[in-house]
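Input: a single structure, listed below in structure tokens.
The values are calculated or read from the model by the stated rules, or taken from the named source; none is laboratory data. Worth saying up front: this structure is predicted, and the values here are computed from it rather than measured. All Cβ positions, even for glycine, are placed from backbone atoms using ideal geometry, and neighbour counts span all protein chains on display. These accessible areas exclude ligands, DNA and RNA; they are computed on the full protein's heavy atoms, side chains included. Shrake-Rupley method; radii C 1.70, N 1.55, O 1.52, S 1.80 Å.
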Amino acid sequence: MAQIEPFGSLPDGRRVDAIMLRSDAIAARILTYGARLTDLRVDEGPSVTVGSEDLADYGPGASLEFCGPVIGPVLNRISGAQANLDGERLTFEANVEGRLSLHSGSAGTHRAIWNISEVGPSAVTLFVELPHGEGGFPGNRRIGVTYRLGPGPSISIGIWARTDRPTVLNVGHHPYWNLDGTDSWKGHRLTVHASHYLPVDADFAATGEIELVEGTEYDLREGALLGTLIDNNYCLDARASVLIPAAELIGSSGRGLRLATSAPGLQVFTGQPYGVALEPQMWPNAPSHKRFPSIVIREFDCFRQDTRIAFFVI
């Protein structure tokens, strides 16, 4: 059985637990606060995901607020903090300079205490229930995630969601990777298997354009050392529940990861010095652009996203 132990309490008194998982080649720690992956070690090496031993570092506005959680109901940005759904105007919290919604604001699942549904030595399933209207999002929704270690040095992340009425939904895992165990991602080389990306405006919200990466600084198909700011979605060749290779990240230490996912997009963010964010998700700002894959989910639908990350050393 997995080890579950207290990790601390939030300012409002809610208790946070840590779940320790282990397989033959890999060990992980997940918090019930945000269903957050905070430590991941391969063969007793340093943690390859960014995390902290201090719960306060994950609180609202704290330095690691978006490190490692499962974020919903809508990950990333929505321009104008509003969306049209079946002729109804939905209004959300505008938490970026009053202009757009980022990560669902205070209604985001990264701020929720998730419930443990099932747990074993190398896997745990957590879920959270969101009430109708919270943060402006319709529907009574249940969102779940399963973290599973193995086979070998790998971790799988399966996310699902259901609703009792039409809503908008883009749930994803938001980790930061640092494969060298240092305080900087400098020296990391990233490959992204995508020929198109989404340009962004001054608020880093997708503009609606879909551009070729060829001839731009966003062309990572052959791999490149990271050195400039990237905060863009890459358009993947998603095929429903089929996992497709999306990215490879290698640190200067020679430790690397390969990410495969069923999601149609991969957000790459290098704007924090401590790690590289690789976020499988639906295309961001989809409610603002009819050309983008829809993030509307109805009561007879089941949202599903699967990601597998395998680790290696060269």
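How about region 104-121: which of its residues are touching a residue at least 40 places away in the same chain (Cβ under 8 Å), surrounded by 19 or more Cβ atoms within 10 Å (Cβ to Cβ) and assigned to a loop (DSSP other than H, G, I, E, B)? ALA112, TRP114, listed by residue number.
Just one of the numbered conditions (1) touching an Asp or Glu at 6+ places or on another chain (Cβ under 9 Å); (2) over 18 Å from HIS174 (Cβ atoms); (3) surrounded by 18 or more Cβ atoms within 10 Å (Cβ to Cβ) is not true of ALA25: (3). Of all residues in region 85-103, those satisfying the criterion of being at pLDDT 95 or above, open to solvent by less than 70 Å² (accessible area, probe 1.4 Å) and out of contact with any helix residue (DSSP H, G or I) (no Cβ under 9 Å at 6 or more places or on another chain) are LEU100, LEU102.
Determine whether region 289-298 contains at least one residue that is in a loop (DSSP other than H, G, I, E, B), in contact with a helix residue (DSSP H, G or I) (Cβ under 6 Å, 6 or more places away or on another chain) and in contact (Cβ under 8 Å) with a residue 60 or more places away in the chain. Yes, some residue in region 289-298 is in a loop (DSSP other than H, G, I, E, B), in contact with a helix residue (DSSP H, G or I) (Cβ under 6 Å, 6 or more places away or on another chain) and in contact (Cβ under 8 Å) with a residue 60 or more places away in the chain. Can you name every residue in region 199-242 that is more than 25 Å from SER294 (Cβ to Cβ), acidic (Asp, Glu) and open to solvent by 80 Å² or more (accessible area, probe 1.4 Å)? Passing the criteria: GLU214, GLU217, GLU222.
When GLY34, GLY59 are checked against the criterion of being crowded, with 16+ Cβ neighbours inside 10 Å, under 25 Å from ILE159 (Cβ atoms) and out of contact with any Gly (no Cβ under 7 Å at 6 or more places or on another chain), a single residue qualifies: GLY34.
For region 228-255, the set of residues classified as assigned to a strand (DSSP E or B) and more than 21 Å from ASP306 (Cβ to Cβ) consists of ASP231, ASN232, ILE250, ARG255, listed by residue number.
The number of residues in region 136-151 being over 18 Å from CYS302 (Cβ atoms), out of contact with any Phe, Trp or Tyr (no Cβ under 6 Å at 6 or more places or on another chain) and not hydrophobic (A, V, I, L, M, F, W, C) comes to 4. Here GLU118 meets each of (1) over 18 Å from THR32 (Cβ atoms); (2) out of contact with any Gly (no Cβ under 9 Å at 6 or more places or on another chain) with one exception, condition (1).
Can you tell me which residues in region 44-56 are assigned to a loop (DSSP other than H, G, I, E, B), without any contact (Cβ under 8 Å) to a residue 60 or more places away in the chain and open to solvent by less than 30 Å² (accessible area, probe 1.4 Å)? Across region 44-56, the qualifying residue is only SER52. Of all residues assigned to region 161-181, none qualifies as being surrounded by fewer than 20 Cβ atoms within 10 Å (Cβ to Cβ) and hydroxyl-bearing (Ser, Thr, Tyr). Across region 179-208, the number of residues qualifying as in a strand (DSSP E or B) and not basic (Lys, Arg) comes to 8. For the subset of region 122-160 comprising residues that are assigned to a strand (DSSP E or B) and aromatic (Phe, Trp, Tyr), which member is most open to solvent (accessible area, probe 1.4 Å)? By that ranking, first place goes to TRP160.
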